[in-house]
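Chemist: Please find one structure pasted underneath; my questions will follow.
The values are calculated or read from the model by the stated rules, or taken from the named source; none is laboratory data. All values reported here derive from a predicted model rather than from experimental measurement. Glycine gets a Cβ as well: all are built from the backbone with ideal geometry, and neighbour counts include every protein chain shown. We work out accessible area using only protein heavy atoms, side chains counted, and drop any ligands, DNA or RNA first. Shrake-Rupley method; radii C 1.70, N 1.55, O 1.52, S 1.80 Å.
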Amino acid sequence: MNHHILKRIDRHTALQFFKFLIVGCINTGLSLAVIYILQNGFDVKYTKANLIGYILGVINSFFWNKLWVFQKKDGKFVREALLFLLIFGICYSLQYICLIVFVEELYLSENWSQLFSMGIYTIANYILNRCITFKMPSQI
């Protein structure tokens, strides 16, 4: 492969990941705000607050990732939405298990546990969505 093409791919990947991080920060803020408001303001159990926060975040995330981060404007909306939801389920399950372990087994605070488990979710979510849901034709 040509060196210039590799350099362009690396720049493209770096920019794409940067955009993903921006969307992730917005989603993190949205999800954590909902979680903390429900958990601390309305005394909703941390596990229910977590689920509600993530549902709102995944809806927001799908549209930003599809249209801005991965710039997939083709007619594969249903396929991508289903894959995105499947990957969300996988990543959320991983995050949820970590959350429970952090709170119930490691006795970390619920607030810190939400934040730590969210980091695990974010890394897994990017990798799976980049490689599966929104893969580029050259990745096929």
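Chemist: How many of the residues making up segment 37-68 are of a type outside the set (A, V, I, L, M, F, W, C) and more than 15 Å from the chain's Cα centre (by Cα)? Reasoning before the result, please.
Modeler: Filtering segment 37-68 down to residues of a type outside the set (A, V, I, L, M, F, W, C) leaves 39-41, 43, 45-48, 50, 53-54, 57, 60-61, 65-66.
Next, from what is left, pick out any that are more than 15 Å from the chain's Cα centre (by Cα): 39-41, 43, 45-48.
Looking only at that region, the number is 8.
Chemist: Given (1) among the aromatic types (Phe, Trp, Tyr); (2) open to solvent by 80 Å² or more (accessible area, probe 1.4 Å); (3) modelled with pLDDT under 90, identify the lone condition not met by Trp64.
Modeler: Condition not satisfied by Trp64: (3).
Chemist: Do you know which residues across segment 119-140 are at pLDDT 85 or above and polar (S, T, N, Q)?
Modeler: Scanning segment 119-140 gives Asn125, Asn129, Thr133.
Chemist: Taking segment 21-40, which residues are open to solvent by 60 Å² or more (accessible area, probe 1.4 Å) and more than 20 Å from Trp68 (Cα to Cα)?
Modeler: If the condition is that a residue be open to solvent by 60 Å² or more (accessible area, probe 1.4 Å) and more than 20 Å from Trp68 (Cα to Cα), then Tyr36, Ile37, Asn40 are the ones that fit.
Residue-wise test of (1) farther than 26 Å from Phe134 by Cα; (2) within 12 Å of the chain's Cα centre (by Cα); (3) touching a residue at least 24 places away in the same chain (Cβ under 8 Å).
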{"site": "Leu15", "(1), (2), (3)": "no, no, no"}
{"site": "Phe20", "(1), (2), (3)": "no, yes, yes"}
{"site": "Ser31", "(1), (2), (3)": "no, yes, yes"}
{"site": "Ile35", "(1), (2), (3)": "yes, no, yes"}
{"site": "Phe77", "(1), (2), (3)": "no, no, no"}
{"site": "Ile90", "(1), (2), (3)": "no, yes, yes"}
{"site": "Leu106", "(1), (2), (3)": "yes, no, no"}
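Chemist: Look at Lys73 and say whether it is among the basic types (Lys, Arg), touching a Phe, Trp or Tyr at 6+ places or on another chain (Cβ under 9 Å) and closer than 25 Å to Phe18 by Cβ.
Modeler: no
Chemist: If you don't mind, there's one more thing I want to ask. I'm told Ile97 meets every condition in (1) of a type in the set (A, V, I, L, M); (2) modelled with pLDDT of 90 or more; (3) in contact with a Lys or Arg (Cβ under 9 Å, 6 or more places away or on another chain) except one. Can you identify the failing condition by its number?
Modeler: The number of the failed condition is (3).
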